[in-house]
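Taking it in order: structure first as structure tokens, then the write-up.
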Amino acid sequence: MTISTFSLPRNIIYGENALDHLSQLTGKRAALVTGGSSMKRLGFLKRAEDLLKQAKFECIIIDNVEPNPSVETVRKGAEAMLAFKPDWIVAIGGGSALDAAKVMWCFYEHPELSFEDIIPVGAMPPLRTKARFVAIPSTSGSASEITAFSVITDTKNHIKYPIVAADMVPDIAILDPCIPAKMPPDITVHTGMDVLTHALEAYVSTAATSFTDPYAVEAIQLVFENLEIAYLQPDNMTARYNMHNASALAGIAFTNASLGLVHSMAHKIGGEFGITHGLANAIMLPYIIQYNRLSTDKYRQLEKTLRIKDLIEAIRELNRRLDIPLTLKECREVAIEEKKFNSVVGRMSKNALADPCTLTNPGHPDVEDVRVLYQQSYYGEEAFSFLVN
């Protein structure tokens, strides 16, 4: 019997105004890491800084983390930390800001490392020799505040790398639904579908256990019951609270059970075309579930538990109600031009197969399987006739 482990942040603080917990930290210097402008514009960055100052912290702000954080960005942030010497790193924002802050933390503690040194799963050396970590998500999606994962983009080679290290699980996760309540509808939708994908992939993962399954199932049910409400009624705090908790619950499941082929493929097409991660997941999810059904009966078990007749059709119907296109070809967020897609699909397929998330996918794809799944996700119902010719 395989020996497994199960990890969580030391503390999860959740509920309206949970952000106030920052005033209870003890230390001397805090580095606040955030993304573009939303946390500034909405006042949450200033509030976090004020709460830390109440706790007698000296603060610096490391901002402008891009939506797909690059190796260069995390190196630059780590250099700022090396000069300031924080004993707490406080990341506030979307999954990109939290992911970037985790790897900044690594290079702050171990500046001698190269990015290539930490790509292999489990290769990162121990953290917390210089600082501890607080994660405050502004979106209900990535669950980076819960997980041992970070996704960083090699912009030169157009590849997103999932970095996996148990020590990157934050010391404190603060889940304040007042923050994602300010998200625009498209971000609500894309991050929410990322939650659903996290939970579904964790549930059918070959590393899933009786510890991880209950978290995954609860997250799936919460998404089906609350995501559309949060989309249509942005100020509905019950739906926001439930979606924020669903994100964390899915994170608990997948940081311990890992993910699967949907994420592997989303990482690579995101690196090539810049499509939002959650949107790529939402579009490709039904096609990959159809493939994985050949290798696991857990989807059938889930349908029975949730009283859903057809999980694939339920996801497609949810996508329709959330104004998510059914194919990559129909994507309006970015132009995924057909000629370029077909020119890079072979490379994306090879890179997706090598992605660490593929290791726990219930099916065992080869490069050709992945290529076919990309083409099905691109062409939809047209894919079958396309592939025959």
- Note on the structure: Helix 311-321 sits off the longest principal axis of the Cα atoms of the chain, rounded to the nearest 10 on a 0 to 90 degree scale, by 70
- Query: Considering the Cα trace of the stretch 144-246, what is its radius of gyration and what is Dmax, both in angstroms?
  - Reply: 15.0, 43
- Message: With a 1.4 Å probe and all protein chains left in place, how much of the accessible area of the stretch 55-128 comes from carbon and sulfur atoms, in whole percent?
- Response: 56
- Item | the stretch 307-353, accessible surface, carbon-and-sulfur percent (1.4 angstrom probe) | 48
- Cβ under 13 Å from Asn64's Cβ, Asn64 left aside: what net charge do those residues give with Lys, Arg +1 and Asp, Glu -1? -1
- Query: Once label points are set 7 Å from the Cα along Cα→Cβ at both Asp63 and Asn11, what is their separation, rounded to one decimal in nm?
  - Reply: 2.7
- Item | Candidate lysines - alpha carbon under 23 Å from Lys156, same-chain residues fewer than 8 apart omitted | Lys76, Lys102, Lys268, Lys339, Lys340, Lys350
- Message: Kirkwood Rh and Cα-based Rg: tell me the resulting Rg over Rh for the chain, rounded to two decimals.
- Response: 0.95
- Once both axes come from the Cα atoms, what is the angle between helix 367-379 and the longest principal axis of the chain, in degrees from 0 to 90, rounded to 10? 90
- Accessible surface, the chain, averaged per residue in Å² (probe 1.4 Å): 41
- For the stretch 159-290, which whole-number percentage of the solvent-accessible area (1.4 Å probe, protein heavy atoms only) is attributable to carbon and sulfur atoms? 55
- If you wrap a convex hull around the Cα atoms of the stretch 317-372, how much volume per residue is inside, in Å³? 117
- Query: Mean 1/r over all different Cα pairs, inverted: what Kirkwood radius does the stretch 276-327 give, in Å?
  - Reply: 11.6
- Item | Added length on full extension, which subtracts the Cα-Cα distance from 0.36 nm per residue, Lys309 to Asp20 | 99.7 nm
- Query: Over the stretch 1-91, what relative contact order in percent results from Cα pairs under 8 Å that are six or more residues apart?
  - Reply: 38
- Dmax and Rg, reported as Rg then Dmax, of the stretch 88-156 (C-alpha, Å): 11.9, 34
- Item | In Å, descending, principal axis extents of the Cα set of the stretch 1-64 | 51, 27, 25
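The values are calculated or read from the model by the stated rules, or taken from the named source; none is laboratory data. Remember, it's a predicted structure, so these values are computed and weren't measured experimentally. Neighbour counts are summed over all protein chains in view; Cβ atoms, including those assigned to glycine, are modelled from backbone coordinates with ideal geometry. Keep in mind that these areas ignore ligands, DNA and RNA; they rest on the heavy atoms of the full protein, side chains included. Shrake-Rupley method; radii C 1.70, N 1.55, O 1.52, S 1.80 Å.
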